[in-house]
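**Student:** Sharing a structure below in C-alpha cells format, with a few things to ask.
All of the numbers you see were taken from the coordinates with simple rules; none came from a lab. Computed from a prediction, not measured in an experiment: that's the story for all the values here. As a convention, Cβ positions derive from the backbone with ideal geometry for all residues, glycine included, and neighbour counts pool all protein chains shown.
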Amino acid sequence: MKKVPFDLILKGGTLVTPAGLRAGDVGVRGGRIAALGKLETDAAAEAVDVRGLHVLPGAIDTQVHFREPGLEHKEDLASGTAAAALGGIVAVFEMPNTTPSTLTASDLQDKLRRAEGRAWVDHAFFMGVAAENAEHLAELELEPGCCGAKVFMGSSTGSLLVDDDETLLQAMHSGRRRMAVHAEDEARLRERLALVRGGADVARHPEWRDEETARLATQRVLDLARRAGRRVHVLHVTTAEEIPLLAANKDLATVEVTPQHLTLAAPECYERLGTLAQMNPPIRGARHRDALWRAIDQGIVDVIGSDHAPHTREEKARPYPTSPSGMPGVQTLLPLMLDHVNAGRLTLERLVDLLSAGPQRIYGIAGKGRIAVGYDADFTVVDLKARREITAKWLAAKCGWSPFEGMTVTGWPKATIVRGHIAMREDELLSQPMGRPVRFLDTLPGDAED
Ligand code: DOR
C-alpha cells in the first residue's frame, strides 16, 4: 500500500502538546498538521531532524509596533517580521499608532497590501480607537486581517488618545471582540509632567508615570468594561497594585506582561541603559517585577507580548524627556523567556500557554495556538540547552540595538515554521516571505446568504 505523503516531517523531537510533553514526529500536509506519532521519513518530501530539541506550537506576539506606514526609518513590515521569524515568532499583531494611525478599513487594507510578499510571518493589525471611529468599531474589527481594537487611555508614541469616559463607553459598546487597552491615566500624566519637563534624569520616568497613574486607569477601564459588558485585555501591566484588581475581574479582563518588565528593574536599568530603558508604562522597581512573576505563577497573566517599539539610537539620544519611549523586543522575547524557564521561574508548558494558547483564547484565532491534528503547521523549534549571547549582529530590527545586547541566555529558537514553510533555521531566514493574514473564529468565510 502507498504511504500517505507528507510535505514535511519533524522527526524525533519533544512535542509540547495540550496533553503535555511527548516524544514523537509531526507530519505536515497542505500547511496543516496531518499526523502526530511515529512517522516514516520516506513518506515526506522533506524531513527535519529535531532530535534533542523541543517543538512548541508557534509563538504568537500579540503586541508589536512595526511603524509602517509613515515611520519606516524606525522599522517596516519586512524588517519587523524578519526579526520576528529570527526570534521564533510565527505571527504578530501590529499596533495602530503608525502615520497615519490605523482608523479606517482602507488604512487596514493598506497595511495588509504592504505586508503581502514582504512579511516573514503571519500577521493581523489593530484598529486604533478614536472619537471619529468609535461608533464604527463593530464593523471595523471584523474586517479581514483585523485582530481587534486598541485604545490608548494615556498618550504615548503617536497621536492616538481617548481619555474621556463617554468615548470609551461608546467604543466599548461598539463590537464584541476583546478590546486591548493601554492603561495610564492621562490627567495624572499631565499633572505630573512638571516633575520632568525641561530635563531630568531618565531614572525619574517611573516617578512621572507612577504606580497610581497605572492603577487609576486600570481601575477605570475595569469599571467601564463592567458597565458596558465588554471584554478587555489590559496590555503591559506593570504594578503590584493592579494585580489584585485584575484578579478580581478575570471574568472580564485578560492580562499581558512584557519580557522587559519581567527581566529589568529600576533603578539599575536606567543607570546602565539610560533612555534605552525608557518605555511606557515604565520599567519599575523589583517589588513590581516580583509581583508580575507571582501573577504569572498564580495564573492571573494570560499572555506575554513584546511591545516591540523601536526608535533609532539618534532619537533615543535626545535629552530626557524629549527622548521617545519604547524598545525593540520581538526578536528577544523567546530567548529571554526560555532563559527564565531554565532559571526555574516558569515551566515550558506555562510559557507555551502564554505565547500560543493565551493569544488564541484572547483573540479567537482560528487554527493556531496548539499542536493538534488539523491546526496550522506553526512551530517554534527550540534548543533549551543552547547558551547564546544576544548580539547586535543577530538583530534584524532596523534600529540595530536591544537593551539585552551582551546578555547570555540559555535557550534559543532553532527554527520558525509558519504553516509548514520553514521561515527560519539556524539563525537564517529561508526562501522568501510567506506571511499571510491571521484568521479569526468569528469571521471565517461561510456560504454567502442570498
Ligand atoms: O513605550 C512605548 N512605546 N509605549 C507605547 O505605548 C507605545 C510605544 C511606541 O509606539 O513607541
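**Student:** Going by the alpha-carbon gyration tensor, a ≥ b ≥ c the square roots of its eigenvalues, is the chain rounded (a/c under 1.5) or, if a/c is not under 1.5, prolate (a/b greater than b/c) versus oblate?
**Tutor:** Judged from the Cα gyration tensor, the chain comes out prolate (a/c at least 1.5, a/b above b/c).
**Student:** Efficiency by 1/(1 + (r/R0)^6): what FRET value for E241 and E271, r their Cβ-Cβ distance, R0 = 25 Å, to the nearest 0.05?
**Tutor:** 0.50
**Student:** What shape does segment 216-355 have by the C-alpha gyration tensor, where a ≥ b ≥ c are the square roots of the eigenvalues, rounded means a/c under 1.5, and otherwise prolate means a/b greater than b/c and oblate the rest?
**Tutor:** oblate
**Student:** Another question, then. Could you order peptides 49-57, 423-431 by the average number of other Cβ atoms within 10 Å of their residues, highest first?
**Tutor:** Top to bottom by mean Cβ count within 10 Å: 49-57, 423-431.
**Student:** Here is a further query. Which value results for Rg/Rh of segment 339-442 when Rg is the Cα radius of gyration and Rh the Kirkwood radius based on the inverse mean 1/r?
**Tutor:** 0.98
**Student:** If packing is taken as the average count of other Cβ atoms within 10 Å, what order do 28-37, 375-384 fall into, highest mean first?
**Tutor:** 375-384, 28-37
**Student:** Using label points projected 7 Å from each Cα along Cα→Cβ, tell me how many nm separate A317 and S159, to one decimal.
**Tutor:** 2.9
**Student:** Distance in nm between label sites at D251 and E426, each 7 Å beyond Cα in the beta-carbon direction?
**Tutor:** 5.5
**Student:** Multiplying the sequence separation of D223 and R22 by 0.36 nm and subtracting their Cα-Cα distance, what value in nm do you get?
**Tutor:** Between D223 and R22, full extension yields an extra 68.0 nm.
**Student:** For an R0 of 41 angstrom, estimate the FRET efficiency from the Cβ-Cβ distance between A343 and R113 and round to the nearest 0.05.
**Tutor:** Efficiency computed from Cβ-Cβ geometry: 0.45.
**Student:** If packing is taken as the average count of other Cβ atoms within 10 Å, what order do 61-72, 282-293 fall into, highest mean first?
**Tutor:** Details: 61-72: 23.7, 282-293: 19.3.
Put in order of decreasing packing, that is 61-72, 282-293.
**Student:** What is the magnitude of the charge dipole of the chain about its Cα centre, with +1 placed on the Cβ of each Lys and Arg, -1 on the Cβ of each Asp and Glu, and no other charges, expressed in debye to the nearest 20?
**Tutor:** Once rounded to the nearest 20, the dipole reads 1120 debye.
**Student:** Could you calculate the FRET efficiency of E191 with L36 from 1/(1 + (r/R0)^6), where r is the beta carbon distance between them and R0 is 45 Å, rounded to 0.05? Don't jump to the answer; show the numbers that get you there.
**Tutor:** On the way: r = 56 Å, r/R0 = 1.26.
About 0.20, to the nearest 0.05.
**Student:** Could you state the angle between the C-alpha long axis of helix 333-342 and the longest principal axis of the C-alpha atoms of the chain, as a value from 0 to 90 degrees rounded to the nearest 10?
**Tutor:** Here the helix axis deviates by roughly 80 degrees.
**Student:** Now for a separate question. So, how do all the Cα-to-Cα distances of segment 121-169 break down into 10 Å bins, in percent, from 0 on up?
**Tutor:** Using 10 Å bins, I get a P(r) of 26, 51, 22, 2 for segment 121-169.
**Student:** Can you give the extra length, in nm with one decimal, that the chain gains between D290 and R51 once fully stretched, where that is 0.36 nm per residue apart less the Cα-Cα distance?
**Tutor:** Full extension of this stretch gives 82.5 nm more.
**Student:** So what's the back-of-envelope 222 nm ellipticity for the chain, counting only DSSP H runs of four-plus at -39500 (n - 2.57) apiece and dividing by all residues, rounded to 500?
**Tutor:** Roughly -7000 deg cm²/dmol at 222 nm, from the helical runs in the chain.
**Student:** About its Cα centre, what dipole magnitude does segment 276-411 give when the only charges are +1 on Lys and Arg Cβ and -1 on Asp and Glu Cβ, stated in debye to the nearest 20?
**Tutor:** Numbers: 17 positive and 14 negative charges, 55 e Å.
My answer is approximately 260 debye.
**Student:** Give me the extension gain from K393 to A131: residue separation times 0.36 nm, minus the current Cα-Cα distance, reported in nm with one decimal.
**Tutor:** Details: separation 262, 0.36 × 262 = 94.32 nm, distance 4.29 nm.
My answer for the length gained is 90.0 nm.
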